[in-house]
């Protein structure tokens, strides 16, 4: 990776961080619990790293570790999105 | 192909951003979750398109096993366990991040550039400390481990030393270059240890803030993985997650009127006053639910203050039934939600929603406080510290400065508690001794039921 790549990535990181701050500030306190489980699910994006590791790997220990990582990330992702949906389904207004 | 993957990643990132945007309102919130799911699905698909990937079998097996564990975890656990489930989920995600970083090091250690070594080490440090920290948080919330903060003299020094040492090792590794498996392994062990040391001295009541912070660390870890692997989607998603965790932690600290550092290093939540000597000679008025039900005859406005006790007793459904009964008698019922009621921000809202209480009855602290003076009866169900006027009046109290619900301004207060035991802050509540207060002792579910039956038969 060239220095340019690092700089571009840094730009992206900074922009995304500020964007994140703005987006979250507007979330109603009522929704903080599902917000936490949703962002927990999004943090399982590290699954992408595990996929590349396992899929490209040749050695046994890489595949073993990679598969463990995939299992862990999948628990995180699937569980997170499902529980968030379960929580959000429950909110209703007075009739 | 690489370009196609990048375009799909961009779509995925956009979906994550929309996901958070749509979470700002209840109306669009479910779309928010769907957007997030779609974003993740696209990210997975795009990654699988990478030409370097030749083995799909284990990926499939991994995903299937993971999904089959994650699904029951989400669908079967009771709503009261949402905080601990979130903590456990964090642990898994962080573990994955740590593993990926470590594997990358052992595979390519000698080929990494210095900046790559830096981000890899930070990513692994964050990943593993979040792993053990989250596991510990899960243990405390699930009460497998004692919830009181576990303090020992010099604890801050120990934690900081471990942290400093790991940074030192990282600096050494980064500057030295090459591949040093033992050194790396030590860094991993130190990170695991540091996670435990970080969370151990924090009391069960502060766990929500800790979970938020750990969420931020997990996000940062993903971002750093993105820097390492030159994956912009990881960077973006991680940054979004990190900011979210940071903001929620700050908001929670503000709601408790304690600083960040106080929560992390303060060891609050321990019993500071063992037995309040001033309690001797003070009497509380208590009634049976049947006797108390008469008070509701003349009431027009009632506010219910839910707390962790309601969650523990699983009383939210009875609360709903009581609300219905009161409303049938033309009594207005509102719910006062304090930002740190329960074990997680928004915890009470979720439980009440589960009990089918419409969300427009749930009023936040700032909006409901001005309404207390005109409230006839306040029904406190399993809450304590959030109503304690000592937070306003008593500079010596550990609660001092914390914004509270102005329950003491209402005309009559009914406290449902199992006993005179203290709440999380370990101190006595002055409100119990007020002439306006009546205690209803017993399990929340039972008391509310009896109240319900009595009111109906009046």
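Tell me, yes or no, whether the range B:306-327 has at least one residue that is without any contact (Cβ under 8 Å) to a residue 12 or more places away in the chain, farther than 26 Å from residue B:211 by Cβ and in a loop (DSSP other than H, G, I, E, B). No: zero hits. Reported count of residues in the range B:347-368, each being surrounded by fewer than 24 Cβ atoms within 10 Å (Cβ to Cβ) and in contact with a strand residue (DSSP E or B) (Cβ under 8 Å, 6 or more places away or on another chain), is 6. Going residue by residue through the range B:117-131, is there one that turns out to be within 11 Å of chain A (Cβ to nearest Cβ), free of Cβ contacts under 8 Å to residues at least 60 places away in the same chain and closer than 19 Å to residue A:5 by Cα? Yes, the conditions are met somewhere in the range B:117-131. Could you please let me know if residue B:440 is touching a helix residue (DSSP H, G or I) at 6+ places or on another chain (Cβ under 6 Å), assigned by TED's automatic domain parsing to the domain that holds residue B:286, assigned to a strand (DSSP E or B) and over 17 Å from residue B:311 (Cα atoms)? Answer is yes for this residue.
Scanning the range B:41-54 for residues that are at the interface with chain A (Cβ under 8 Å from one of its Cβ atoms) and more than 38 Å from the chain's Cα centre (by Cα) yields B:52, B:54.
Of the set (1) within 15 Å of residue B:196 (Cβ to Cβ); (2) part of a helix (DSSP H, G or I), all apply to residue B:150 but (2). The sole residue among B:66, B:98, B:109, B:70 that is surrounded by 16 or more Cβ atoms within 10 Å (Cβ to Cβ) and under 21 Å from the mean Cα position of the chain (by Cα) is B:70.
The set of residues in the range B:140-154 being at negative phi, free of Cβ contacts under 8 Å to residues at least 60 places away in the same chain and out of contact with any helix residue (DSSP H, G or I) (no Cβ under 6 Å at 6 or more places or on another chain) consists of B:144, B:146, B:150, B:152, B:153.
May I ask you to verify whether residue A:52 is more than 30 Å from residue B:359 (Cα to Cα) and within 7 Å of chain B (Cβ to nearest Cβ)? So residue A:52 passes the test.
The values are calculated or read from the model by the stated rules, or taken from the named source; none is laboratory data. Since this is a predicted model, take the numbers as computed values, not measurements. Cβ sites come from the backbone with ideal geometry, for glycine too, and all protein chains shown count toward neighbours.
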